[in-house]
Amino acid sequence: MLTEQVIGDGSLTGRDDGFSFDLRMPWYRALPLSSVEGVDVRIDGQAVPSEELRLSLNGETYALSDLPPLYDDWWYVADPATVWAPKSGGLAPGQHELDVTIALRIPYIVESGHPLVMRERCVKTQTTNGGS
Amino acid sequence: MAPTLPRLGVTLYSFTPDFHAGRYTFEDLVVRAAELGLGPGLEVIGFQSFRGFPHVPAEIERRFLELVDTHGWELSCLDANVDVAVRADRLLTEDEIVHYVGAQLETAGRLGFPVLRIQNMATPRVVERLVPRAEQLGVKLGMEIHAPETVRSPWVLALRELYERLDSPYAGFIPDFGASTQAISPSVYEVYRAKGVSDDLLAEIARRWDELGTRTFEAHEEIGSFIGLAHSMGAGDHAVNLAVFAVGIHGHQAPEAWAEIMPSVVHVHGKFFDIRDGREPVVPIEELFRVLVEHGYTGYVSSEYEGWHWNTESDAFDMVAAQQELCRRVLAGLAEERVAGEVSG
């Protein structure tokens, strides 16, 4: 659902130690941060280890492993989170293919005790913003 | 005298892609839908429209109610979510669910919504525990019955039993018209054919959908089986969506079946997917309204456009306007029939 906006248009920003981009929730309503079951990022075909990703939202910065207990901290549906991904040598200015998959637990769809986990994948080729 | 009829309205869920893409803010949607005359009933999803829900800051609340007032809206329904799986480590306990939904009920009462939509993860015991507060607040609890569930689904039967025992006007149901479709919307086939899904697979999906209408089934099992079918026939990344659209939002229940629960209906979701030549290709709008009118239902029918899941071309505002034109035409016809019936009877 709403997969197109998972990667924010024009948000890919290169730095000399990595890159960042805006991540939107592919769902129609706010969910708690504990609903984020995983984020996979590939840049130009190369996977970034998930434990190295950092997600910034509501003025806080989290590792993915920080999220599961945060069932009372909300990701509002209209807000982009900023994802920071380290990359040795940085991201050269120019065009890059960004491939992002996010897994969200849908907290009101539960079958036989197992909540539904939605996986949405978005791939966009973007030209980096200036960066520093 | 002209018979009293259901009232029309809209749920802002119909405009989800416009909102999600940032083309309209929540307040923009309230204004735009009013300008297009899509009221008078206004339904919103708490967790979609209000940042921080169920806590709505006083200033946001004041501005929202001012817009409602200025634009002649009548609040019809606030949609709660029964998020039993908010925690990553376990499901919420009954006490926690009552508390979680109770907070949303309080917000409905404070904002002045007459109905709170609830979902089937709320057990009869949870509903029963919420009813006294709903009565105090004057907010009716409406359990949504959404495809592929029906008025005879076991959990619905359990609630019907509870409702009979409670005999409270504050415990009811919200039928979703999508539970009573005649086929999968033709626009689904058109869109996925254009994406390269084979005619053979689409024909097999149609055949299996028809077959589902002949028996009872478990939604998640059938979604799994449709995913398997779609994968085996080369649908790739489209398999999950095709399965969910086929099994999860196109139900088989006969329109007349809603009659069984009509005395408990507190709100209606006028789900639709498409309007072509003034008709909804698969949702039998006239038959559905006929059941409502025959049972004297005078609450709201919220137009709920959901074709946006696959149709990314059409304008959702145009769609809702066209569906409401159809609804008004159908209601006028039904009203005439009733007047004629009263005269001759």
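The values are calculated or read from the model by the stated rules, or taken from the named source; none is laboratory data. Computed from a predicted structure; not experimentally measured. Neighbour counts are summed over all protein chains in view; Cβ atoms, including those assigned to glycine, are modelled from backbone coordinates with ideal geometry. Just so you know, the surface numbers come from the protein's heavy atoms only, side chains and all, with ligands and any DNA or RNA stripped out. Shrake-Rupley method; radii C 1.70, N 1.55, O 1.52, S 1.80 Å.
Within the stretch B:1-52, the ratio Rg/Rh, alpha carbon atoms throughout and Rh by Kirkwood, equals 1.09. Applying the criteria of a DSSP loop state and at most 15 other Cβ atoms within 10 Å to the trypsin sites (Lys or Arg not before Pro) of the stretch B:118-155 yields B:152. Using alpha carbons only, the radius of gyration of the protein assembly as shown set against its Kirkwood radius gives Rg/Rh = 0.97. Scaled against the 2.2 N^0.38 Å expected of a compact globular protein of N residues, the Cα radius of gyration of the stretch A:62-117 reads 1.57. Is any residue of the stretch A:74-104 close enough, with backbone N under 20 Å, to a label point placed 7 angstrom from the Cα of residue A:46 along the Cα-Cβ axis, and if so, which? Answer for this model: A:83-101. A Cβ-based charge dipole, computed about the Cα centre of chain A with Lys and Arg at +1 and Asp and Glu at -1, lands at about 200 debye.
Of the residues B:112, B:65, B:30, the one whose Cα sits farthest toward the positive end of the charge dipole of the stretch B:1-152, with +1 on the Cβ of Lys and Arg and -1 on the Cβ of Asp and Glu, is B:112. Of B:108, B:85, B:179, the residue with the greatest mean-square motion in the GNM of chain B, using alpha carbon springs below 10 Å, is B:85. Kirkwood analysis of the stretch B:191-345, using all unique Cα-Cα pairs, places the hydrodynamic radius at 17.6 Å. Here the relative contact order of chain B, from alpha carbon pairs under 8 Å that lie six or more residues apart, stands at 22 percent. How much net charge surrounds residue A:37 when only the other residues with a Cβ under 10 Å from the Cβ of residue A:37 are counted, with Lys and Arg +1 and Asp and Glu -1? In short, +2.
Computed 3J(HN,Hα) for the stretch B:299-308, one whole-Hz value per residue from the Karplus formula 6.51 cos²θ - 1.76 cosθ + 1.60 where θ = phi - 60°, is x, 8, 10, 7, 5, 10, 7, 10, x, 5, glycine and proline marked x. Count the net charge of all other residues whose Cβ sits under 9 Å from the Cβ of residue B:102, scoring Lys and Arg as +1 and Asp and Glu as -1. Taking every other residue near residue B:102 into account, the sum is +1.
Overall dimensions of the stretch B:177-233, expressed as equivalent-ellipsoid semi-axes from the Cα gyration tensor (√(5λ), whole Å, largest first), are 19, 15, 9. Highest GNM mean-square fluctuation among B:268, B:283, B:240, for chain B modelled with Cα contacts below 10 Å: B:240. Taking Cα centre as origin and charging only the Cβ of basic (Lys, Arg, +1) and acidic (Asp, Glu, -1) residues, the dipole magnitude of the protein assembly as shown rounds to 240 debye.
If you look at the Cα atoms of chain B, you get an Rg and a Dmax of 20.2, 65 Å. Applying the Kirkwood pairwise sum to the alpha-carbon positions of the stretch B:81-141 produces a hydrodynamic radius of 11.7 angstrom. Over the stretch A:1-106, Cα pairs under 8 Å with separation of 6+ residues give a relative contact order of 40 percent.
Placing one equal scatterer on every Cα of the stretch B:125-255 and applying the Debye formula, the log10 ratio I(q)/I(0) at q = 0.12, 0.13, 0.21 Å⁻¹ is -0.56, -0.63, -1.12. Which distance in Å, rounded to a whole number, links the C-alpha centroids of the stretch B:182-221 and the stretch A:1-36? Here the answer is 32 Å between Cα centres.
Cα centroid separation, the stretch B:96-150 to the stretch B:1-46: 21 Å. Rounded to the nearest 0.05, what FRET efficiency do residue A:112 and residue B:340 have when you use their Cβ-Cβ distance and R0 = 41 Å? For R0 = 41 Å, the calculated efficiency reads 0.20.
Taking chain B as a Gaussian network of alpha-carbon nodes connected by springs under 10 Å, the highest mean-square fluctuation of the residues B:62, B:165, B:193 belongs to B:165.
The modelled label-to-label distance for the pair residue B:206/residue B:28, using points 7 Å beyond Cα in the direction of Cβ, is 3.8 nm. Across the stretch A:16-132, the fraction of Cα-Cα pairs farther apart than 19 Å, rounded to a whole number, is 47%. Pull up the cross-link candidates among the lysines for residue B:140, meaning alpha carbon to alpha carbon under 25 Å and not fewer than 8 places away within one chain. Correct list for residue B:140: B:271.
The local environment of residue B:63, defined by Cβ-Cβ distances under 15 Å, has a net charge of -3 under the rule Lys, Arg +1 and Asp, Glu -1. When both the stretch B:223-258 and the stretch B:317-338 are represented by their alpha-carbon centers, they are found 29 Å apart. In the context of the full protein assembly, residue B:195 retains an accessible surface of approximately 110 Å², using a probe radius of 1.4 Å and ignoring ligands and nucleic acids.
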